[in-house]
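The values are calculated or read from the model by the stated rules, or taken from the named source; none is laboratory data. From a predicted model like this one, the values you see are computed outputs, not experimental measurements. Because the Cβ atoms are built from the backbone with ideal geometry, glycine has one as well, and the counts that use them run over all protein chains shown. All accessible areas refer to the heavy atoms of the entire protein, side chains included, with ligands and DNA or RNA removed. Shrake-Rupley method; radii C 1.70, N 1.55, O 1.52, S 1.80 Å.
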Amino acid sequence: MYRLARLFLLISVLAILFLTGCKAKPPESHYPIQAEVIAMDLPRRLLIVQHGDIPGFMPAMTMGYSIAVPKEVETLRAGDKISADLVVSEGKARLEKIVLFEKAKPAPMAPSSP
């Protein structure tokens, strides 16, 4: 009887561990970037930016990244300069800790003809 109770307890513990998905969180890589906002697609939670080289990861390019916290980009406009943390995990990249450091300069107005 005692052996049966121990076996049942062992099977129960193993089943609980299996069902709760006891797996380690995948590793994440973090890269600080500075970029210029090209466009935003808030419904799809995307920010398209032009960034410089990211040493150890990728060359300079224009690319769309998912946004971890959409509220961080609500006031941004095309041409704004930002800094952010590019987080890469399981082949997917997202921007976190997005900070505006330079507002886009307003486009010069065309002279009006008399």
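In this structure, Thr62 and Glu28 have a Cβ-Cβ separation that, at R0 = 30 Å, corresponds to a calculated FRET efficiency of about 0.80.
Annotation note: GluC sites (Glu not before Pro) in the range 54-90 located in DSSP loop regions with a Cβ neighbour count of at most 14 within 10 Å are Glu74, Glu90.
Each listed q (0.14 Å⁻¹) maps to a log10 I(q)/I(0) for the range 54-107, found by the Debye formula over equal Cα scatterers with no solvent: -0.42.
Model label sites at Leu100 and Asp41, defined 7 Å from Cα along the beta-carbon direction, differ in position by 2.3 nm. When the residues Arg44, Arg77 are ordered by accessible surface, computed with a 1.4 Å probe over the protein chains alone, the sequence from largest down reads Arg44, Arg77. Computed 3J(HN,Hα) for the range 50-55, one whole-Hz value per residue from the Karplus formula 6.51 cos²θ - 1.76 cosθ + 1.60 where θ = phi - 60°, is 10, 10, x, 4, 10, x, glycine and proline marked x.
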